[in-house]
Amino acid sequence: MSRGTRILRGARAREITARALAAVPLNYAVTSALTVLIARLLPGGGAQASIGATMLSFAIFAGLAMTAFAVRSVARLWIAFVGIALFAGVVDWMLIHWGGRL
């Protein structure tokens, strides 16, 4: 095997590893933050909002996992996932701080 082929295989392995890490643990963090946010924003009682947000979280998780392997740029993928998680986390914190529904 030539040196160039080994370099390409190594780069491809790093890209797949980065996508897999974004598709599972980072996706879990993003989905958790979004689920909390959705539960706080849905109308109705706390239990109903929590159940509705949890049901939506399955679709969110699956969609983000597919997105992790569909986009072209791994760097943009990570930036987008971390940005979404930070945004949702900050909004969650503000809602808790301002006395939102628990």
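Read-outs: derived from the displayed coordinates by stated rules, not from any lab. Not measured: the values here are computed from a predicted model. A quick note on method: Cβ atoms are made from the backbone with ideal geometry, for glycine too, and the neighbour counts reach across all protein chains shown.
A DSSP coil position with no more than 14 other Cβ atoms inside 10 Å describes the following chymotrypsin sites (Phe, Trp or Tyr not before Pro) in region 22-102: Trp98. In this simple spin-label approximation, Leu21 and His97 carry label points 7 Å from Cα along the Cα→Cβ vector, and these lie 3.0 nm apart. Note on region 1-101: with charges restricted to the Cβ of Lys and Arg (+1) and Asp and Glu (-1), its dipole about the Cα centre is near 620 debye. Contact order for region 27-102, expressed relative to its length and based on alpha carbon pairs under 8 Å spaced 6+ residues apart, stands at 45 percent. Any idea what % of Cα-Cα pairs in the chain are farther than 15 Å? Within the chain, distances greater than 15 Å cover 66 percent of Cα pairs.
Tilt of helix 27-41 relative to the longest C-alpha principal axis of the chain, in degrees (0 to 90, nearest 10)? So the inclination is approximately 20 degrees.
Extending 7 Å from the Cα toward the beta-carbon at both Val82 and Ala62 defines two label points whose distance is 3.0 nm. If you add up the charges near Ala75, with Lys and Arg at +1 and Asp and Glu at -1, over every other residue whose beta carbon is less than 15 angstrom from its beta carbon, what do you get? Counting the neighbours of Ala75, the net charge comes to +3.
Modelled this way, with points 7 Å down the Cα-to-C-beta line, the labels at Ala75 and Leu41 are 3.0 nm from one another.
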